[in-house]
Amino acid sequence: MRKRLLAMAMALALTCSLVPSVALAGEGGETLTPVTIEISENGAPVGTSGNGWTFESDVLTLEAGYAFTLAGHAFDASGENRVRNSGIIVNGIFANGSKGSGFAVRNEAGGIIQGGTFNATVGNAGTIEGGTFGSGPNDSNSPYVSTSGGTITGGTFDCLVMGFRSGSIEGGTFNGPVNPLGVNIKNGTFNGEVYNGNGNNTGGTISGGEFNARVDNYGTIVSGAFHESAHNYRTIAGGTFDDYVTNSEDAVVSGGVFEDGGNNNSVDNSGTIGGGTFNVDVNNSGAIEGAGTFNAYVQNGNRQFDADRNKSCTISGGTFNSEEMYNFGTIEGGTFNGSLSNDGTISGGMLRGQVENDEGIIKGGAFEGEITNSGTIQGGEFTGSSPVTNLGRISNGTFGKLTDVANAGIVSGGSFLGTVFNDGVIKNGLDAAGDPVIPRFSNPVANRAGGSIEGGLFEQGIDVQGGTITVCAYPLHASLTGLSIAPTQKSIQDEVATRASFELLAMYEKNGSENNRYTLAADAGYMLPASVSVRLGSENGQELAAGADYAYDAATGTVTVKKSALVRPLYLAASGVPAPTPPTHAPAPTIPETPTTPTPLPEPPSSAKALASTGDSPLPIIALSVAFVAGATAAACAAARRRKRLDQR
């Protein structure tokens, strides 16, 4: 029995040891002491102090290390600095009937508000994790919460929440306006308007949250869901937007997803769009550049703007997938996969869809779709297989082999590699510098009943189906052997002055009395031929009549062809005559070299001069004189030897 009682006592002791302690744990893991403060009917604590708190001069001070619950009645927080909290407020009611200025409740650095009802102005330098704040979002006299250097992670705010300099909002439900000047928003649900900065104060960074009311952004948005209008005055780098968005002048949109929220909403840009995905209409009066993707209607510029303002509405990048868009401004780049109507200027970009150039100007760009031009085409590459219909003017541009051109307007320049049907006017033009420009046609041109050809270079000739031809040019194809050729009239060289490579042309003038004139020159070893062959088209083409259609001067090499005789390209064939070989002559005799002048002999005696005066040769006389001198010398030497022998005896 005694053992049974002892076992029961030990079990009871063990059970008691497992009962939780009344102490609480703080955020840092420290043990907090729970404290309850009884509030009397008059709004003041019962007593002036307690464990971790004091009430002195109508100020309730709550110390760190304690978790406070205010019980009984509401604490009267009317006035300034009525509560200074460095601990944790778990619960309580804080009333501010007088709505006085300043902070009625100060949550100091390190202080935490976990719960309670605050119908009082709160200044937060610590952390708000929960609680209810304010008397109602529509009450203009409602107190507010100001967080400067503090953090809000939870709570319900039926009042204005503002921030200064630093801090963050990381959670909570905000039913009133929020004005965080320099405070970052990381999360939360915002049912009231959010003013992230203002014109004089830069806002913080919004990196998350649910926004169900208007947002004015003077800071940076990198993420978040925005279900009402957003007005950007600085930077949007991300986020999801499904209502109206305005991007003001000097503001930048570099990212984000812009959806159709069912409110017929759009994005109005007066600043710069450099990125993002736009599934909603975009009205651009600023600049679109970079790598944005546009999947809905885009209007660049506005019909109501003047010319200078529309010129400043630019698109220089982006991918446009909408079925249609309208340009009143300037397109310098980008990829356009849908149709486009142009009343502005296109100077670049890849346009893959249909283009209606109404009253606009096309200066450049690559075009793959069908083109209807009622304005002006001054340049561009038209390489698609879809046709080009010209009702306006084409003064330049390259039109590919697969691109058929139907002209009912004016063509005064350009290079046409495909088929051209002419019911309008083809003529030569001038470029901006005043130099001549000749439209060039690589395939036969069908000149129909309403067509008029007054210029142009036709490499394959003209298919005359009606209309009129007054002036044009054809290429001259020359087949020459031992010869070279050049035009001699200055007018043809003027016609080709604007082309990179020199080429020979033959001009046609209806009823013209002038001639095309060329000069043949013989190469080395050749002479000019006695005749040449002149045909139309090719070596098998119709031969022109010598004397009637052309003339050749064999003495000068001049070929003249009547301009009125040319109805297709000109073919000229001629062969130089090998020059005769000059006769071979015997080599001239070799002239010996001038001999070396001998050393002069001694001057002959005076008698030699006498001989010379007779006309006889002086050489024998000189030889004889030399012999006499030698003999006399030998005799003198012999006499000297005899005298020496006599003296020795």
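Numerical summary
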| item | result |
| --- | --- |
| Net lengthening on full extension, Ala71/Ser316 (0.36 nm per residue, minus Cα-Cα) | 81.6 nm |
| Using distinct alpha-carbon pairs, which all enter the 1/r mean, Kirkwood radius of the range 315-420 in Å | 13.0 |
| Between the range 58-131 and the range 506-538, the Cα center-to-center distance that results, in Å | 108 |
| Largest-first principal axis extents of the Cα set of the range 68-192 (Å) | 36, 31, 21 |
| Length-normalised contact order for the range 105-252 - Cα pairs under 8 Å, 6+ apart - percent | 12 |
| Gain in span if fully extended, Asn511 to Thr240, counting 0.36 nm per residue against the direct Cα distance | 90.3 nm |
| Candidates per chymotrypsin sites (Phe, Trp or Tyr not before Pro) in the range 166-223, loop by DSSP, up to 16 other Cβ within 10 Å | none |
| Whether the range 403-562 is rounded, prolate or oblate, judged on the alpha carbon gyration tensor where a/c under 1.5 counts as rounded | prolate |
| At R0 = 45 Å, FRET efficiency that the Cβ-Cβ distance of Asp435 and Ser248 yields, to 0.05 | 0.50 |
| Qualifying aspartates and glutamates (Cα of each under 19 Å from Cα of Lys427; at least 8 residues distant if same chain) | Asp404, Asp435, Glu454, Glu459, Asp463, Asp494, Glu495, Glu509 |
| Anisotropy class of the range 164-270 from Cα gyration tensor, a/c 1.5 cut | oblate |
| Separation in nanometres of the label points that stand 7 Å from Cα toward Cβ, at Ser575 and Ala225 | 9.0 |
| Thr519 versus Ser484: modelled label distance in nm, points set 7 Å from Cα along the beta carbon direction | 1.2 |
| Ranked by how many other beta carbons lie within 10 Å on average, peptides 474-481, 403-410, 540-547 from highest | 403-410, 474-481, 540-547 |
| Förster radius 35 Å - calculated FRET efficiency between Thr202 and Glu56, Cβ distance, rounded to 0.05 | 0.30 |
| Spin-label model distance (nm) - Ser415 vs Thr48, 7 Å beyond Cα toward Cβ | 10.1 |
| Over the range 254-395 - Rg/Rh using Cα atoms and the Kirkwood inverse-distance radius | 0.97 |
| Lys, Arg +1 and Asp, Glu -1 on Cβ, resulting dipole of the range 86-202 about Cα centre, debye, nearest 20 | 180 |
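Coordinate-derived values only; no laboratory data. Model, not experiment: these values are computed from the prediction. Note that each Cβ is placed from the backbone with ideal geometry, even for glycine, and that neighbours are counted across all protein chains shown.
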